[in-house]
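Q: This is the structure, below, for whatever I ask next.
The values are calculated or read from the model by the stated rules, or taken from the named source; none is laboratory data. None of these values were measured; they are calculated from a predicted model. Heads up, the Cβs are rebuilt from the backbone with ideal geometry, glycines too, and the neighbour counts pull from every protein chain shown.
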Amino acid sequence: MNAESLIVLLYVLVLASFVGFELISKVPPTLHTPLMSGSNAISGITIVGAIVAAGPEDMSVSKWLGIAALLLATLNVVGGYVVTDRMLQMFKKKKK
Amino acid sequence: MERDLIIKIAYLIASVLFIVGIKMLGKTSTARRGNFISAVAMLIAILVTLLDRQVLSFTEIFVTILVGSVIGTVIAQRVEMTSMPEMVAIFNGFGGAASVLVATSEYWRMAHDAGYSMEMVVGVTIIISVIIGCVTLTGSLVAFGKLKGLINGRAIMFTGQHALNAILFLGALALSVLVVLEPNVELWMMGVLLISLLLGVLVVIPIGGADMPVVISLLNSYSGIAACATGFVLNNQVLIIAGALVGASGIILTQIMCKAMNRSLVNVLLGGFGQTSSGATAEGGEEIVVKEVGVEETAMLFDSASSVIIVPGYGMAVAQAQHIVRELSDMLERRGTSVKFAIHPVAGRMPGHMNVLLAEANVPYDKLIEMDQINDEFANTDIALIIGANDVVNPAARTNPGSPIYGMPVLNADKARTVIVCKRGMSAGYAGIENELFGYPNCLMLFGDAKSSMTKVVGELKELMPA
């Protein structure tokens, strides 16, 4: 990786963090638990890296590590989204 | 080249959808759709990654994803809402572990290329990803164990603890330098992994059960930062963006939790709260004299009240009393009594936990009022019903500078004309502190299991006001 692409990635990091802070500081306390489990599912984005790591044809140590990562990341992603959806569907306004 | 371009564009779309999804997650009316959009973003990211040139064999990938999805769905469908903190904790751990594994896998692949010399940047990002990921993994497992009661929830302290942590951290840094200098010696990497895993355990054990909401929020943030670092390792922007969003979210929730408990993050992380405090309360000396009340009398009080604020705590959820409490609230409302729920930010075991527990019991979310908005209303309220909560209504936080929780924002339930506390016995709260509210002249204690007491009160009320 050269210095230039590192700088680009740092820009992405800094700007994304600002967006994150802006968006999340407005979330009302009622939604904090679903926010946390939803963002927990998003942190499973490592699944993208896991797929690449599990991709080669030869059965190397590196590939096995990738498969293990893939399993855990999938659990994280699927479980996180499903439980968040389950919670959010319970939130109802007063009927009348 | 074309294929790479498609992948890059798809990642960009996914990043935008993640941001839109989180934005929509911030409003109750759009939250469910927001979560769906963020799931679509994830699906796009996963599908295009399968196009990657390095992905050549698909069978293992599909089988693994299938197995993971089935297990994940089953866990997510079955988990009790009271157990949400444990579930989030363990999933944080999985996320951290996945980041470590990806970074280690990348390291292994590179280190086994003959004559490889590691670039500084790649080395540093791999190390960051590994250290943060490992701490997230074992820290989350300890938090999970504490929340589930598998490990003693109290703070575990020993002399030289902080010094030991510092030495281990420096050791991990020293080994990290060796990893970068001699990437083909796997021993160095193993050392970094082991020490980081140990550090994760050591940083969470001194933190007491009452501080778990802070710890879970912080670990949530770490799992995002670990994903972010992995993004640097793989030169992948979508990982960095998604990781940064999660990192920011965790940090904000951590700050909110710390503020709600009037603690600094450093103070929480150094740990030991809830142990030292037991000595401080003994100095008060005065025995608290309480007034007891029975279910019939409680029902009569409710019968004549025109405004009620219910202060629920985690104890209510443990007793599974939220459904009967909702029934009580419906019943009072039908006869024109105003009923509101006052929610303290740390009610429950994670940020916003109480809201979810009440939503599950069909309490509409617009009846749940935040602390700052409701605190002035207690003075004009006939009855404050405190059920399963303790520390969050302790007036000592306002009045007694000697109290360990002095300065913590609390619900002013003591200002109500009558306070009814539904509680199992006189034991102290989660923070291990006596509550002087129980001795106040306007405070009545309704001893017993929350669910059975409330069921009896509702029964009595039905007799008092038929139809």
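Q: Please go through the stretch B:341-360 and give me each residue that is over 23 Å from B:Val214 (Cα atoms) and at the interface with another protein chain (Cβ under 9 Å from one of its Cβ atoms), ordered by number. Walk me through how you get there before you give the answer.
A: Pass one, the stretch B:341-360, residues over 23 Å from B:Val214 (Cα atoms): B:341, B:360.
Selection gives B:Glu360 alone.
Q: Ok, one more. List the number of the failed condition for B:Gly285; all other conditions in (1) at pLDDT 90 or above; (2) more than 18 Å from B:Cys422 (Cα to Cα) hold.
A: Of the numbered conditions (1) at pLDDT 90 or above; (2) more than 18 Å from B:Cys422 (Cα to Cα), the odd one out for B:Gly285 is (1).
Q: Can B:Ser140 be described as more than 9 Å from chain A (Cβ to nearest Cβ), in contact (Cβ under 8 Å) with a residue 24 or more places away in the chain and part of a helix (DSSP H, G or I)?
A: Values: more than 9 Å from chain A (Cβ to nearest Cβ): yes; in contact (Cβ under 8 Å) with a residue 24 or more places away in the chain: yes; part of a helix (DSSP H, G or I): yes.
Here the answer is yes, as B:Ser140 does meet what is asked.
Q: If a residue has to be more than 11 Å from chain A (Cβ to nearest Cβ), crowded, with 19+ Cβ neighbours inside 10 Å and farther than 15 Å from A:Gly66 by Cα to count, how many in the stretch B:100-135 make the cut?
A: 6
Q: Find the residue count for the stretch B:41-69, including only residues that are part of a loop (DSSP other than H, G, I, E, B), more than 7 Å from every other protein chain (Cβ to nearest Cβ) and either touching a residue at least 12 places away in the same chain (Cβ under 8 Å) or among the polar types (S, T, N, Q) (or both).
A: So in the stretch B:41-69, the residues part of a loop (DSSP other than H, G, I, E, B) come out as B:50-58.
Now restrict to residues that are more than 7 Å from every other protein chain (Cβ to nearest Cβ): B:51, B:53, B:58.
Subset that is either touching a residue at least 12 places away in the same chain (Cβ under 8 Å) or among the polar types (S, T, N, Q) (or both): B:51, B:53.
Count: 2.
Q: So, B:Ala359, is that one buried (at least 22 other Cβ atoms within 10 Å of the Cβ), modelled with pLDDT of 85 or more, part of a helix (DSSP H, G or I) and small (Gly, Ala, Ser) or not?
A: Numbers: buried (at least 22 other Cβ atoms within 10 Å of the Cβ): yes; modelled with pLDDT of 85 or more: yes; part of a helix (DSSP H, G or I): yes; small (Gly, Ala, Ser): yes.
For B:Ala359, the condition - buried (at least 22 other Cβ atoms within 10 Å of the Cβ), modelled with pLDDT of 85 or more, part of a helix (DSSP H, G or I) and small (Gly, Ala, Ser) - is met.
Q: What about B:Asp366, is it at pLDDT below 90 and either outside any helix (DSSP H, G or I) or over 26 Å from B:Cys258 (Cβ atoms) (or both)?
A: Details: at pLDDT below 90: yes; either outside any helix (DSSP H, G or I) or over 26 Å from B:Cys258 (Cβ atoms) (or both): yes.
So B:Asp366 fits the description; yes.
Q: Turning to a different aspect of this structure: Given (1) more than 7 Å from chain A (Cβ to nearest Cβ); (2) surrounded by fewer than 21 Cβ atoms within 10 Å (Cβ to Cβ), where does B:Gly21 come up short, assuming only one miss?
A: Status for B:Gly21: all satisfied but (2).
Q: Please enumerate the residues belonging to the stretch B:178-216 that are surrounded by fewer than 23 Cβ atoms within 10 Å (Cβ to Cβ) and of a type in the set (S, T, N, Q).
A: B:Asn184
Q: How many of the residues making up the stretch B:365-376 are in contact with a helix residue (DSSP H, G or I) (Cβ under 9 Å, 6 or more places away or on another chain) and either hydrophobic (A, V, I, L, M, F, W, C) or within 9 Å of chain A (Cβ to nearest Cβ) (or both)?
A: Count: 6.
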